[in-house]
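Since every read-out is calculated from the coordinates, none of them should be taken as a lab result. This is a predicted model, so every value here is computed, not measured. Counting neighbours? That spans all protein chains shown, and the Cβs are built from the backbone with ideal geometry, glycine included.
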Ligand SMILES: N[C@@H](CCC(=O)N[C@@H](CS)C(=O)NCC(=O)O)C(=O)O
């Protein structure tokens, strides 16, 4: 199978990257220079009209949106055990959590990183940015309470939710948020960082957790 992951170092595409490594998939990486605006180029927009990473180019076409890519990887390599595929309820929990990360947590970060996307004018953008830490605190407090110390997001088994959460935890640390407020989140990140697939993806992207 020919696969190419369009990514940017440390971006949400890191979740798809880790998942491909966890699955043992054979894939190529194609770096997109987000800071240089490559995502807006005609060539890239012809692949993804929204101009975002991740994008996974497959033999059947292009797939976008992190939760969909993660679900596809988990189903395509079932032996990797990245999702509870034989239990509809447990699988729905994984999808629910991953969609929470993509539609609530990621968007809260986006109001911090790119407030001008959501508000016209400097004043409105500054107000939006100022509100982000409070929103992130609410969202990560919910996560911290959900995940028990010493277990994965959904209990005994590691799933795509864990590697996706690590990407968001890393962002939280990098924006200077005090992680000590979330003890379960810290121990979750420490545990996830010991996985060889996670370490290999970090090395390939040239990034560190902190
Ligand atoms: N809903 C999309 C969001 C993708 C997204 O916003 N990706 C960011 C990187 S984390 C991006 O490509 N940003 C470039 C830009 O906004 O111009 C997903 O979950 O895959």
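Computed values, structure above
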read-out	value
q = 0.17, 0.18 Å⁻¹, the stretch 22-75: log10 I(q)/I(0) [Debye, one scatterer per Cα]	-0.58, -0.64
Residue-span extension gain [residue 175 to residue 85] - 0.36 nm each, minus C-alpha spacing	28.9 nm
DSSP bridge orientation in the chain - percent antiparallel, rounded to nearest 5	65
Hydrodynamic radius (Kirkwood) for the stretch 118-203, which is based on Cα pairs only, to one decimal in Å	14.2
Cα gyration tensor category, rounded, prolate or oblate, for the stretch 64-131 with a/c compared to 1.5	prolate
Shape category assigned to the stretch 46-161 from the gyration tensor of Cα positions, a/c cut at 1.5	oblate
Rough spin-label spacing in nm, given labels placed 7 Å along Cα→Cβ, for residue 28 and residue 141	4.8
The chain: Rg to Rh, with Rh as the Kirkwood radius over Cα pairs	0.96
Residues in the stretch 58-74 reached by a label modelled at residue 99 [backbone nitrogen below 14 Å; 7 Å Cα→Cβ]	66-69, 71
The stretch 5-95: relative contact order in percent, alpha carbon pairs under 8 Å with at least 6 residues between	30
The chain - mean residue ellipticity at 222 nm from DSSP helices (-39,500 (n - 2.57) per run, n ≥ 4, rounded to 500)	-16000 deg cm²/dmol
The stretch 1-107 - convex hull of the alpha-carbon atoms, volume per residue in Å³	101
